[in-house]
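A.B. asks: Sending over a structure as C-alpha cells; questions will come in a sec.
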Amino acid sequence: MATEQRVSQRLRDLKRRLKQENPILENVVDSFRELDWISRRLGFFNREESHANRTSWWPLISVLGVYSSGKSSFINHFLGYPLQATGSQAVDDKFTVICFTEERRVHVLPGLALDADPRFPFFRVSRAIDEVAQGEGRRIDAYLQLKTCSSEKLRGKILIDSPGFDADAQRTSTLRITDHIIDLSDLVLVFFDARHPESGSMHDTLEHLVRRVMGRRDSNKFLYVLNQIDATAAEDNTEEVFASWQRALAQSGLTAGCCYAIYIPELALPITDAAARARYESKRDANLRAITQRIEQVGVERAYRIVGMLEQTAHMLENEVVPRLQRFLADWRRLTLWLDGVLFGGLLVLFLMLTLYGGYWDGLALRLPVWNHLSAYPVIQSILLCLLAIGVGYGHFAIRRWTGRRVARRLASGAQANDLLPNYMRAFHKNSRWYRSIFRRNPAGWGRRVARSLAKVSDDSQQYVQKLNDLYANPSGELLPSQEWECIPPRNPPDRS
C-alpha cells in the first residue's frame, strides 16, 4: 500500500506542475491513472508501475552522432554556457542528461540519479541494459550522468548529449540506451562531421540513425546536421561537401528530411575572404536559427505526443495485451487438457491392463481382493480415495504449472517491446493461478466495465487533441511558428515510380 501511495503522490505532484505549465495535460494524468487501474486489474502492472512514468512529460531533445562532430560545442552554443567539455577527440563516453536548475552552480550527478527517478526518461533503464548485457545494469554510472544548468533555454526542457557511435567496449548497451532515447525524444539532432562527410566513421550513424529511422511514423522529428562546415572555407566548396553528404544519406534511404549545414561561431576557423565569410555566416545563421526555432517548438510537439501515447496505450491494452492473454488462456487450456489426457489416460489404460492380466474382472465388475477386504473398514477406504483424489489433483496442477510457464515464455518472447516482457509474464502468472479455472476464456480483470473504461480513455484522447488544436491552431491562415521549419530536401532523391 505504501508503494501505491508513493505512485499516487508522484502523479499528484505531476498534476500540480502541469497545472502551471500546460493545464490541458493536467487532465491527461487522470486518463493515465485510469489506464494504470486497468493494467493492474489485468495483472500487467504491479502497484509501483504507472503508464505516466513510461514517458517524459517535459520536452526531450537528444543530440546524437559520431565522435568529434561538434555535438557538445553545439549544446554549449545553444545554452550560452560552457557546460560540456569539447575537443578534437572523444571527451565524454557516457550519456549526459541536462536539465534546468535555479542554482548558478553546475551539479554533476551519477547515473543512479536518473535510473531511480521516474520523472526522468531513464527510469529503471538499468533493467533494459541487463537484457542485452547481463550484469551491465549494475554499472549504470558508466553509461549515464545528470548535469544541471541555469540557462533559461533549458527551462521546461530536457537535453541529452550522447557519446559517439564508433565501436567501443560498451557498444551493445550504448545502442540499447540510444534506442530508448530515440523512442522518447521529441526532437533528435543527428550530427555529422563536415571534415569527413563520406568516411567510414559515418557507418554506424547511418546504420542506426538513418536506415532504421525510415520506417518510423515519427521520422519527421529527426534533423540531420552537417557541422563544422567552416572547414570547407579554404577550398570554398561547401556545396560540393554538402551534396556529397546528402548523397550518403540518400544511399542509406533518407529521401526527405531536414538537413542543415552549420558551424559554431565561437569555434570558427578564420575565413580571410570577406565575401566568402559573409556568405558562410549568412547560411550558418539561417540554419542555426531554423534549428533553434524547431527546438523551441518541442513543447507543442510533446503535448501532442503525450496525448497520442495515451491513445496508443489504450489501443495496446485492448488490441495487444488482452488478445495475447486470451491466446495464452486458449493455448494453456489446450496443452493442459492434452497432457491430462495423456497422463491420466495412460494410467487408466495401464490399470486396465494390469487388472485384466490379474483376472480381477468378473464381466464388467471389478473385484480387487484388497479393496474387498477393506470393505469392513470404510474409514480406510475413504482415506485411500482421498489420497487418490489428492494424487490426481497434484498431477493436474503440476501439469498446469508446467504448461503455464511454457506457454507464457513462448507468447512473451513474441512481444514487440522487450521492456514489457516482465509485464506479460506477470499477467500470465495471474491468469494461471491455482484457483482459476482453465476453462475461462477471458483474462482476469477483463470485462465490460474495463472495456468501457478503455473506450472512454480513447474518446478522451480525441477531446484532448481538439483542445490542443484550439490552443495552437490559427484559422486565419497565417503560418504558425511550428510551420516555419526550414527543411532542405536531399538532392537527387531516388525515383519512387
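The values are calculated or read from the model by the stated rules, or taken from the named source; none is laboratory data. All values reported here derive from a predicted model rather than from experimental measurement. Neighbour counts are summed over all protein chains in view; Cβ atoms, including those assigned to glycine, are modelled from backbone coordinates with ideal geometry. The accessibility values were calculated without ligands, DNA or RNA, using every heavy atom of the protein model including side chains. Shrake-Rupley method; radii C 1.70, N 1.55, O 1.52, S 1.80 Å.
A.B. asks: Can you tell me which residues in segment 283-338 are over 30 Å from THR232 (Cβ atoms) and among the basic types (Lys, Arg)?
C.D. replies: ARG302, ARG305, ARG324, ARG327, ARG333, ARG334
A.B. asks: Another question, if that's okay. Can you name every residue in segment 241-284 that is more than 19 Å from SER69 (Cα to Cα), assigned to a helix (DSSP H, G or I), in contact (Cβ under 8 Å) with a residue 12 or more places away in the chain and of a type in the set (A, V, I, L, M, F, W, C)?
C.D. replies: Of everything in segment 241-284, those that are more than 19 Å from SER69 (Cα to Cα), assigned to a helix (DSSP H, G or I), in contact (Cβ under 8 Å) with a residue 12 or more places away in the chain and of a type in the set (A, V, I, L, M, F, W, C) turn out to be ALA250, ALA276.
A.B. asks: Still on this model: What pairs come out if I take residues in segment 85-98 that are closer than 15 Å to VAL66 by Cβ and at pLDDT below 70 and pair them with residues that are among the acidic types (Asp, Glu) and surrounded by fewer than 21 Cβ atoms within 10 Å (Cβ to Cβ) whose C-beta lies under 6 Å away, six or more apart or interchain?
C.D. replies: none
A.B. asks: If you don't mind, another one. Would it be correct to say that ARG217 is open to solvent by 20 Å² or more (accessible area, probe 1.4 Å), touching an Asp or Glu at 6+ places or on another chain (Cβ under 8 Å), modelled with pLDDT under 80 and not small (Gly, Ala, Ser)? Let's see the steps before the verdict.
C.D. replies: Details: open to solvent by 20 Å² or more (accessible area, probe 1.4 Å): yes; touching an Asp or Glu at 6+ places or on another chain (Cβ under 8 Å): no; modelled with pLDDT under 80: yes; not small (Gly, Ala, Ser): yes.
So ARG217 does not fit the description; no.
A.B. asks: Now for a separate question. Return the only residue of HIS429, HIS396 being open to solvent by 70 Å² or more (accessible area, probe 1.4 Å) and modelled with pLDDT of 90 or more.
C.D. replies: Values: HIS396 fails: open to solvent by 70 Å² or more (accessible area, probe 1.4 Å).
Of the residues listed, the single one that is open to solvent by 70 Å² or more (accessible area, probe 1.4 Å) and modelled with pLDDT of 90 or more is HIS429.
A.B. asks: Right, next: Could you please find all residues in segment 274-296 being surrounded by fewer than 19 Cβ atoms within 10 Å (Cβ to Cβ) and among the polar types (S, T, N, Q)?
C.D. replies: Within segment 274-296, SER282, THR292, GLN293 qualify.
A.B. asks: Tell me, which residue of segment 250-273 that is of a type in the set (A, V, I, L, M), buried (at least 17 other Cβ atoms within 10 Å of the Cβ) and touching a helix residue (DSSP H, G or I) at 6+ places or on another chain (Cβ under 6 Å) is farthest from ARG217 (Cα to Cα)?
C.D. replies: Here the answer is ILE271.
A.B. asks: Taking segment 289-308 as the search range and keeping residues that are of a type in the set (A, V, I, L, M, F, W, C) and touching a helix residue (DSSP H, G or I) at 6+ places or on another chain (Cβ under 8 Å), which one is modelled with the lowest pLDDT?
C.D. replies: Looking at residues that are of a type in the set (A, V, I, L, M, F, W, C) and touching a helix residue (DSSP H, G or I) at 6+ places or on another chain (Cβ under 8 Å), I get VAL300.
A.B. asks: Modelled with pLDDT of 85 or more and among the hydroxyl-bearing types (Ser, Thr, Tyr): which single residue out of SER56, SER50, SER68 fits that description?
C.D. replies: SER50
A.B. asks: Just to verify a result, which residue in segment 153-183, among those that are part of a helix (DSSP H, G or I) and out of contact with any helix residue (DSSP H, G or I) (no Cβ under 9 Å at 6 or more places or on another chain), is modelled with the lowest pLDDT?
C.D. replies: This residue is THR174.
A.B. asks: Okay, moving on. Take the residues in segment 399-412 that are touching a residue at least 24 places away in the same chain (Cβ under 8 Å) and open to solvent by less than 70 Å² (accessible area, probe 1.4 Å), then tell me which one is farthest from PHE439 (Cα to Cα).
C.D. replies: Step by step, filter segment 399-412, then rank; the result is LEU411.
A.B. asks: Please find, within segment 330-371, the residue that is modelled with the lowest pLDDT out of those that are outside any helix (DSSP H, G or I) and either of a type in the set (Asp, Glu) or touching a Leu at 6+ places or on another chain (Cβ under 7 Å) (or both). Even if it seems obvious, please write down each step before you answer.
C.D. replies: In the first step, residues of segment 330-371 are kept if they are outside any helix (DSSP H, G or I); the result is 359-368.
From the residues that got through so far, the ones that are either of a type in the set (Asp, Glu) or touching a Leu at 6+ places or on another chain (Cβ under 7 Å) (or both) too are 360, 362.
Values: TYR360: 86, ASP362: 82.
Per the stated criteria, the residue is ASP362.
A.B. asks: Right, another one. Do you know which residues across segment 1-46 are outside any helix (DSSP H, G or I) and at pLDDT below 85?
C.D. replies: Across segment 1-46, the qualifying residues are MET1, ASN22.
Rundown of residues vs (1) under 27 Å from the mean Cα position of the chain (by Cα); (2) under 30 Å from ASP183 (Cβ atoms); (3) open to solvent by 70 Å² or more (accessible area, probe 1.4 Å), yes/no style:
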| residue | (1), (2), (3) |
| --- | --- |
| PRO369 | no, no, yes |
| ALA376 | no, no, yes |
| GLN381 | no, no, no |
| LEU387 | no, no, yes |
| TYR424 | yes, yes, no |
| ARG433 | no, no, yes |
| GLY445 | yes, yes, no |
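A.B. asks: Just one of the numbered conditions (1) over 31 Å from the mean Cα position of the chain (by Cα); (2) of a type in the set (Asp, Glu); (3) under 30 Å from VAL457 (Cβ atoms) is not true of GLU311; which one?
C.D. replies: Here GLU311 meets the rest and fails (1).
A.B. asks: Can you spot a residue in segment 13-20 that is open to solvent by 70 Å² or more (accessible area, probe 1.4 Å) and under 22 Å from the mean Cα position of the chain (by Cα)?
C.D. replies: Of segment 13-20, the ones open to solvent by 70 Å² or more (accessible area, probe 1.4 Å) are 16-17, 19-20.
From the residues that got through so far, the ones that are under 22 Å from the mean Cα position of the chain (by Cα) too are none.
No; the residues of segment 13-20 include none that is open to solvent by 70 Å² or more (accessible area, probe 1.4 Å) and under 22 Å from the mean Cα position of the chain (by Cα).
A.B. asks: Taking segment 220-240, which residues are in a helix (DSSP H, G or I), open to solvent by 20 Å² or more (accessible area, probe 1.4 Å) and among the hydrophobic types (A, V, I, L, M, F, W, C)?
C.D. replies: Correct list: ALA231 only.
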